[in-house]
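Worksheet: one structure, shown below.
The values are calculated or read from the model by the stated rules, or taken from the named source; none is laboratory data. Since we're looking at a predicted model, the values are computed, not measured. Cβ coordinates were reconstructed from backbone atoms using ideal geometry, including for glycine residues, and neighbour counts include every protein chain displayed.
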Amino acid sequence: MATIKVKELCEILRIPYQKYYQFSTEGILPKPDKGYVDCAEAVQKYIAHLKAKNTVDSTSSLTHERARLTKIQADRKALQLEKEKGKLVDVDEIMKVFLDVLGRINAKISSWPSKAAPLIVPVCKTPAEAQDILDRLVEELKDEIRNWSTYNTSRSNNPSSHTERNSKASKTQCKRVGRQK
C-alpha cells in the first residue's frame, strides 16, 4: 500500500485537483487521508470508472444512432406520403414553370414599345391619352401576373391558348391605326 499525495496522483491521472475531490465525494475515487491516498486503489478505481463511462457512452451512442436512423426513415416515409398525396412538388418542375412565366412577362414588357408606338403616335392628342394607353398595357400585364395560379403547362402547347392570349392583346387596341381599307 504505497501512499501518494493527491496532487501527484492528479498529475499522473491528468485530472484537475478539484475533480479528484469531486470524484472522491461521489465515491468514484478513495477519500484522501491528510492529503494522501493509496495509489494502487485510486488508479484501479479510476480505470474502472473510465471503463464504465466508456461502456455507457458507446451504448448510448449506439442507441442514439439507432434513434437517428429511425427518425430519418420515418421522415423519408412521411415525405413520400406527402408527395403521393400531391402536397409536395418537384422543385425542378416548379422552376421550369416559374422561368416560363417570367419569360412570358419579360416578352410582354419587351413588346410594349412596339405595341405602344403605333397606338400613341397617330391617336394621342394629349399626354393623358398616351398615359391611358400605357396604363391599359400595364393592367394587361398585371392581369396575367394575377392569374399565374391558373397557369397550365399545357397552355404553351395548346394552339387555342395562343389565340386566346392574342385576342386579349388585341382588346387593348382602341382605334385602328394606318390606312383605311
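Out of 37, 56, report the one residue that is within 27 Å of residue 6 (Cβ to Cβ), out of contact with any Phe, Trp or Tyr (no Cβ under 7 Å at 6 or more places or on another chain) and modelled with pLDDT of 90 or more. Step through it out loud before you land on a result.
Details: 56 fails: modelled with pLDDT of 90 or more.
Among 37, 56, only 37 is within 27 Å of residue 6 (Cβ to Cβ), out of contact with any Phe, Trp or Tyr (no Cβ under 7 Å at 6 or more places or on another chain) and modelled with pLDDT of 90 or more.
Mind telling me which of the residues 96, 71 ends up being part of a helix (DSSP H, G or I), modelled with pLDDT of 90 or more, assigned by TED's automatic domain parsing to the domain that holds residue 140 and over 30 Å from residue 132 (Cβ atoms)?
96
For the stretch 140-155, which positions are at pLDDT 75 or above and loosely packed, with under 12 Cβ neighbours inside 10 Å?
Across the stretch 140-155, the qualifying residues are 142, 143, 147.
Tell me whether the stretch 10-25 contains one or more residues that are closer than 30 Å to residue 140 by Cβ and assigned to a loop (DSSP other than H, G, I, E, B).
From the stretch 10-25, those closer than 30 Å to residue 140 by Cβ are none; that's our starting set.
Checked against the condition, which is being closer than 30 Å to residue 140 by Cβ and assigned to a loop (DSSP other than H, G, I, E, B), the stretch 10-25 yields no hits at all.
So which of 43, 97, 6, 89 is surrounded by 13 or more Cβ atoms within 10 Å (Cβ to Cβ) and within 30 Å of residue 147 (Cβ to Cβ)?
So the residue among 43, 97, 6, 89 that is surrounded by 13 or more Cβ atoms within 10 Å (Cβ to Cβ) and within 30 Å of residue 147 (Cβ to Cβ) is 97.
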